[in-house]
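The values are calculated or read from the model by the stated rules, or taken from the named source; none is laboratory data. Because the structure is a prediction, the values reported are computed rather than measured. A quick note on method: Cβ atoms are made from the backbone with ideal geometry, for glycine too, and the neighbour counts reach across all protein chains shown. Side chains are part of the model used for accessible areas, which takes the heavy atoms of the whole protein and leaves out ligands, DNA and RNA. Shrake-Rupley method; radii C 1.70, N 1.55, O 1.52, S 1.80 Å.
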Amino acid sequence: MSELPRILIVDDSRMVRASLSRHLKGIYEVREEGDGEAAWQTLVLDHTISAVISDLQMPVLDGFGLLERVRACKLARLREIPFVLISGEDDQEFLDKAEKLGVSDFINKGINAVELKTRLAHLLQFASTRQSLEEAKAQQVQDPDTGLFTRKYIELQAAQALSHAFRHHSEASVMVIGFDDYPALIDQVGEAKAAEMGVKFARLVAGKIRREDCLGHFAPGRFAIVSPGTAPGSCISFADRVRRAVADAVITAGGKRLSLTMSVGVASVPADRVISAGSLMDLACSRMEAAMAAGGNRTDSGDLALNAPVLPLSLNQALELLRDNRPEAVIGQLGRLGQQLLPMLRLLQQELGVELPLDELEKRLADREQQHKPD
């Protein structure tokens, strides 16, 4: 036999609590509290409560205070819980305030059993449907509204990249990119427009990453990129190019130019000593938040530049670093990279009919490579 849904009734009057409890008996299990503060403690600890019915005037913490605390809670189950206020008032100011705080419905103390049960049934059904939709959405690979990969899918890709890196002694990097002061952007252009701008940005970035990379929506105004087999230096360079492009872009809304910047957090294995994809994503996110706290429009990679092992650069990676004016990251591998270029140089010499000192160059490259080999 399944358990009955549990309803929390909050009122400093025993008579009111007893009356409402009688109405709900047999269909719901009831828990009672006499003030808002006690009710709050109960809600935090008791995960089985499905809805709240609360009086407005109570000692310690009133109904408005309890409702405000519930809706501001970090726990999703409390932010979304059906919350009914008991009131005998028809004051529009009272109704507006309650609705602004997120009340689900209103009842009066003289409500009959049939109406109370009907209202609660509707609220609980609505909450159940919304939860089912959210759970289904979380399981999707792509968000149907934006076409971007979901956070859950991004996290799965990060786990796969990490596993491959550990098995093959290679690298895997992640970036978390976020608009600086996203709430202020929402205030300026509205939530829908801010989200639309984020999607446009993400689609632009999607055209600049490799096929094996994975970009998706991480949180409001935030995006994540998983780059398997990529050195942290390449990610840092890419992140800086993205930041500069956004900061230099002319973006307008409502005829006014917006001052938009972004911050990026980069994390990578094996340089960052983490053992799970979740930890790697969290580290990148915390570094992005640190970059924002430091003033924004910057990239935070922790001590990656110091801790990163020296793994062989590909020619593409070396050219990317040189384009970003970072020759110091390439100099140590010039011997090996130069040797890879020799066949191309010989072909150029043949096709263009010019004489290049390639034999001398080859000898010096070999000597340089020998000098830079680890002991």
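Quick look at the numbers
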quantity: Residues in region 164-205 reached by a label modelled at GLN142 [backbone nitrogen below 13 Å; 7 Å Cα→Cβ]; calculated: 203
quantity: Count, lysine Cα pairs under 23 Å in the chain, 8 or more residues apart or across chains; calculated: 19
quantity: Estimated dipole of the chain in Debye, rounded to 20 [Cβ of Lys and Arg +1, of Asp and Glu -1, Cα centre]; calculated: 740
quantity: Protein-only accessible surface order, largest first, of GLU93, GLU99, GLU320 at 1.4 Å; calculated: GLU93, GLU99, GLU320
quantity: Calculated Rg and Dmax of the chain using C-alpha coordinates, Å; calculated: 29.5, 103
quantity: DSSP-defined antiparallel bridges as percent of all bridges, the chain, nearest 5; calculated: 55
quantity: Ranked order, TYR153, TYR182 - accessible area, probe 1.4 Å, largest first; calculated: TYR153, TYR182
quantity: Most positive-pole-ward Cα, ALA195, CYS214, LEU185, against dipole of region 152-236 from beta carbon charges; calculated: CYS214
quantity: Leading residue at positive end of dipole, region 1-60 (Cβ point charges), from HIS23, ALA38, MET58; calculated: HIS23
quantity: Assigned charges on the beta-carbon of Lys, Arg, Asp, Glu; region 156-274 dipole about Cα centre (debye); calculated: 300
quantity: Per-residue SASA entry for ARG244, accessible area with 1.4 Å probe, Å² rounded to 10; calculated: 110
quantity: Of GLY207, GLY221, GLY147, the one that fluctuates the most in a GNM where the chain has Cα springs shorter than 10 Å; calculated: GLY207
quantity: Choice from GLY338, GLY254, GLY102 showing the highest fluctuation, given a GNM over the chain with Cα pairs closer than 10 Å; calculated: GLY254
quantity: Rough spin-label spacing in nm, given labels placed 7 Å along Cα→Cβ, for ARG257 and HIS47; calculated: 5.2
quantity: Förster-model FRET efficiency, 45 Å R0, ALA38 and ARG273, C-beta, rounded to 0.05; calculated: 0.50
quantity: At least 20 Å along the helix axis (C-alpha) and Kyte average at least 0.0, DSSP helices within the chain; calculated: 191-206, 277-293, 334-352
quantity: Per residue value of the accessible surface for the chain (all protein chains in place, 1.4 Å probe), Å²; calculated: 57
quantity: For region 4-105, size of Cβ-based charge dipole, Lys and Arg +1, Asp and Glu -1, in debye; calculated: 580
quantity: The chain - percent of accessible surface contributed by carbon and sulfur, probe 1.4 Å; calculated: 53
quantity: Highest-MSF residue in the chain out of LEU342, LEU319, LEU260 [GNM, Cα springs under 10 Å]; calculated: LEU342
quantity: Efficiency of FRET between GLU115 and ASP303 - r from beta-carbon atoms, R0 51 angstrom, step 0.05; calculated: 0.20
quantity: Efficiency of FRET between LEU347 and ALA293 - r from beta-carbon atoms, R0 51 angstrom, step 0.05; calculated: 0.50
